[in-house]
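Have a look at the structure below, then the notes.
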Amino acid sequence: MQERLMKKLTEKVPYDCKVTVGSGHAGQGWCMKAPEGWVKDAFESAGPDFFSGNKTSTYGLGFSIPFLAELGKHYPDAGIYALGVLGPRNNAHAPNENLNLDYTKRLTCALSHLIASVGAN
């Protein structure tokens, strides 16, 4: 895949531009397993409790965090959940990177709720 992308970027370059592409590390992809019932329940109650009654939702993106695949290999029976503060109006990995502080506070409360649920099960 990486070779095909590099070929596309460097062939038929317009206006006699010079394009140089360096290869980097292509990390292993990762896909979260379906959560156990009690984990799903804890996630679903955290949404309305901390996000103004809104239901909890999930989404996938076209990238991965390579260490999650490594954790999955070492702990195949563990539930691994990637949570982050990329809420509304955030601009991660950009020159003006920022966090939405209200969203971050709400996510911290939801995470505390999830951790307390672990202790109850």
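Since every read-out is calculated from the coordinates, none of them should be taken as a lab result. Owing to the predicted nature of the structure, the values given are computational and were not obtained by experimental measurement. FYI the Cβ positions are ideal-geometry reconstructions off the backbone, even for glycines, and counts take in every protein chain you see.
Any idea what log10 I(q)/I(0) is at q = 0.14, 0.25, 0.27, 0.33 Å⁻¹ for segment 78-121, Debye with uniform C-alpha scatterers and no solvent?
Calculated log10 I(q)/I(0) at the listed q: -0.43, -0.89, -0.96, -1.14.
With θ set to phi - 60° and the Karplus curve 6.51 cos²θ - 1.76 cosθ + 1.60, what are the ³J(HN,Hα) couplings of segment 92-107 in order, to the nearest whole Hz, using x for Gly and Pro?
6, 6, 10, x, 10, 4, 7, 10, 7, 5, 4, 4, 4, 4, 5, 5
Under the definition of Cα pairs under 8 Å and six or more residues apart, what whole-number percent is the relative contact order of the chain?
Here the relative contact order equals 24 percent.
Determine, from the Cβ-Cβ distance of S45 and N91 and an R0 of 30 Å, the FRET efficiency 1/(1 + (r/R0)^6), rounded to the nearest 0.05.
0.50
Kindly provide the helix-only [θ] at 222 nm of the chain, computed as the sum of -39,500 (n - 2.57) over DSSP H runs of four or more divided by all residues, to the nearest 500 deg cm²/dmol?
The helix-only estimate for the chain comes to -13500 deg cm²/dmol at 222 nm.
For segment 60-121, which chymotrypsin sites (Phe, Trp or Tyr not before Pro) pass both filters: DSSP loop (anything but H, G, I, E, B) and at most 10 other C-beta atoms within 10 Å?
Passing both the DSSP loop test and the Cβ count: F63.
Any chance you could get the radius of gyration and Dmax over the Cα atoms of segment 27-120, in Å?
Here Rg and the maximum Cα pair distance are 14.5, 42 Å.
Return the FRET efficiency for the residue pair L83, Q28: r is the Cβ-Cβ distance, R0 is 22 Å, and the value is rounded to the nearest 0.05.
So, using R0 = 22 Å, E works out to roughly 0.65.
What's the extension gain from F67 to D102 if we count 0.36 nm per residue and subtract their Cα-Cα distance?
Full-extension gain reported as 9.8 nm.
Subtracting the Cα-Cα distance from 0.36 nm times the residue separation, let me have the gained length for Y75 to L114 in nm, one decimal.
Working it through step by step, the gained length comes to 12.0 nm.
Give, rounded to the nearest 20 debye, the magnitude of the charge dipole that the chain has about its Cα centre when Lys and Arg contribute +1 at Cβ and Asp and Glu contribute -1 at Cβ.
380 debye
Please compute the contact order of segment 31-100 in relative form: average sequence separation of alpha-carbon pairs under 8 Å and at least six residues apart, divided by the residue count, as a percent.
Rounded, it is 20 percent for segment 31-100.
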